[in-house]
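This report refers to the structure that appears directly beneath it.
The values are calculated or read from the model by the stated rules, or taken from the named source; none is laboratory data. In this text, all values refer to a predicted model and were calculated from it rather than measured experimentally. Here the Cβ positions follow ideal geometry from the backbone for every residue, glycine too, while neighbour counts run over all protein chains shown. Accessible surface is based on the protein model in full, side chains and every heavy atom, while ligands, DNA and RNA are left aside. Shrake-Rupley method; radii C 1.70, N 1.55, O 1.52, S 1.80 Å.
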Amino acid sequence: MLEVRRATAQDQTAISRVLATAFVADPVVRWLMPKAGGDVQMFRAHAAHLHAAPGCADIALDDGQPVGAALWDPPGHSLSLRQGLMGLSRLLLGMGSGFRRGVVLERAFTRARPAGQFWYLAQLGASTPGRGVGSALLERRLASIGGPAYTESSNLRNVPLYQRFGFAVIQEISLPEDGPTLWTMLRK
């Protein structure tokens, strides 16, 4: 039976592993790091430091086993200097030479981000797609927040999932260096 709950600090390792599994063939992750290997460490940096606002991570469990995760930033979220430095150093360790492309990706995200305050869905992934885990994660968080939400989809086949929850594509981003395409999406 699928259970979705707010994640705790003790869930960070499980979240990192689930997201690494979910994104193992993701076009953007493989553009950043052509060979899997640092994926868990990269997602650990996100879960523990870069998108670690208290109470803003969700985990999905199937019979007690982690199968999905979502990392959200609340409106107006900003990192402390310590969080930012820790996150960036862990990203560098996990991503190696892919870190340079990560900077390119983050700049593209920053340019495309709409003005205003909104919930930001930084990561959403299920270790086994097509079982409703992503929908359950979105449903839980979106039912509890007020105001707009924003995300980027790194895979075209996920765009309909977000659209079912009221997100609309607002921009298409083509990454340089033969990079993949991403879709920015806003839910008003």
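Numbers at a glance
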{"read-out": "Rounded FRET efficiency, nearest 0.05, which uses the C-beta distance separating residue 100 from residue 77 and R0 of 22 Å", "value": "0.30"}
{"read-out": "The range 22-82 shape via C-alpha gyration tensor axes, a/c threshold 1.5", "value": "oblate"}
{"read-out": "Accessible area (Å², 1.4 Å probe, nearest 10) - residue 177", "value": "80"}
{"read-out": "Rg to Rh, two decimals, where the chain supplies the alpha carbon set and Rh follows Kirkwood", "value": "0.92"}
{"read-out": "³J(HN,Hα), Karplus 6.51/-1.76/1.60, whole Hz, each residue of the range 153-169, x for Gly, Pro", "value": "9, 9, 9, 4, 5, 8, 4, x, 4, 5, 4, 4, 9, x, 7, 10, 5"}
{"read-out": "Computed FRET value (nearest 0.05) for residue 178 with residue 157, which takes r as the C-beta separation and R₀ as 22 Å", "value": "0.60"}
{"read-out": "Gyration tensor verdict on the range 132-182 (Cα atoms; rounded if a/c is under 1.5, prolate if a/b is larger than b/c, oblate otherwise)", "value": "prolate"}
{"read-out": "In order through the range 12-23: 3J(HN,Hα) via Karplus (6.51 cos²θ - 1.76 cosθ + 1.60), integer Hz, x for Gly, Pro", "value": "4, 5, 4, 4, 4, 5, 4, 5, 4, 5, 4, 9"}
{"read-out": "Backbone HN-Hα couplings from phi across the range 36-49 [Karplus 6.51/-1.76/1.60, Hz, Gly and Pro as x]", "value": "5, x, x, 4, 4, 5, 4, 5, 5, 4, 5, 5, 8, 9"}
{"read-out": "Ordering of 149-156, 110-117, 40-47 by packing [mean C-beta count within 10 Å, highest first]", "value": "40-47, 149-156, 110-117"}
